[in-house]
Amino acid sequence: MNSTPVNVAAQQTAATKKTYTYEDYRKLPEGAPYQLIGGMLIMTPAPSTYHQIISMKLEVKLANFVMERDLGLVLDAPLDVYFEESETYQPDLVFIARERLSIIEPDKINGAPDMVVEILSPATAYYDLRRKFKIYEKHGVREYWVIDPEEQSVEIFALQDGRFTLEQKAEKQGTVSSKVVEGFTLPVENIFSSISGQNRAVSPFTNWEKEQPGSALKTSKSS
């Protein structure tokens, strides 16, 4: 995102908007904790340490596998992935196949990655399982991994005839495998193994339907 602070005129314009666009999103200071979801600027606070440990473990395994075989690239958040004017997300992990590396631009990924991984957290679970799920499906993400730290589960949705189908699920133990990153397998206990003194995050599903899903930005931020 553009690191230049938003000027007063831009703030006033954004404050009156009901729907935000990618151009509005780009005016936020670099590193501002927001995603553009359904035309709303949604605050996504820093994830828990447990979330980040899971992300790190999976990224290391997946990235090493991909790089050793020259299959493409594995990238992690924060990284903008543009789908359409009202939808720009920052998935936890993405895989882009070697033959599609041209979608990587200096300031964003322009189009659907081949594989997306989202690790659920209280601030993002609603969107990861609903709006973002539909947009990933619509734009042709070939494989969508949903990881629940509280349940210690991994669900893999595969795109079939334009729709996501739950193809694999493992909870606490067992192995899942990717068809998009052919040959990659993951014993789920490897990423959920306990860390001494580490408390898990509160389940994102605790009263999740009773609470507001995230925080929509009412005015543009300035540094």
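Here are the numbers for the structure shown:
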item	result
For the stretch 40-147, alpha-carbon Rg and Dmax in angstrom	13.3, 39
Whole-Hz couplings from phi, Karplus 6.51/-1.76/1.60, listed for the stretch 24-38; x for Gly and Pro	5, 4, 5, 7, 5, x, 4, x, 4, x, 9, 10, 9, 10, x
Carbon and sulfur %, accessible surface of the stretch 36-100 computed with the full protein complex present, 1.4 Å	58 percent
Accessible surface ranking that places the most exposed of Thr165, Thr49, Thr44, Thr88 first, with a 1.4 angstrom probe	Thr49, Thr165, Thr44, Thr88
When each of Lys27/Lys108; Lys18/Lys108; Lys108/Lys132 is checked by Cα-Cα distance, pairs over 19 Å	Lys18/Lys108
Inter-label distance, nm, simple model (7 Å from Cα along the C-beta direction), Asn64/Lys138	3.9 nm
Under-5 Å amide H pairs with Ile109, H placed in peptide plane, nonlocal only	Asp80, Val81, Tyr82
Under 5 Å, built H, 5+ apart or other chain: amide partners of Ser121	none
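The values are calculated or read from the model by the stated rules, or taken from the named source; none is laboratory data. Predicted model, so just to flag it, every value in this text is computed and none were measured. Because the Cβ atoms are built from the backbone with ideal geometry, glycine has one as well, and the counts that use them run over all protein chains shown. Just so you know, the surface numbers come from the protein's heavy atoms only, side chains and all, with ligands and any DNA or RNA stripped out. Shrake-Rupley method; radii C 1.70, N 1.55, O 1.52, S 1.80 Å.
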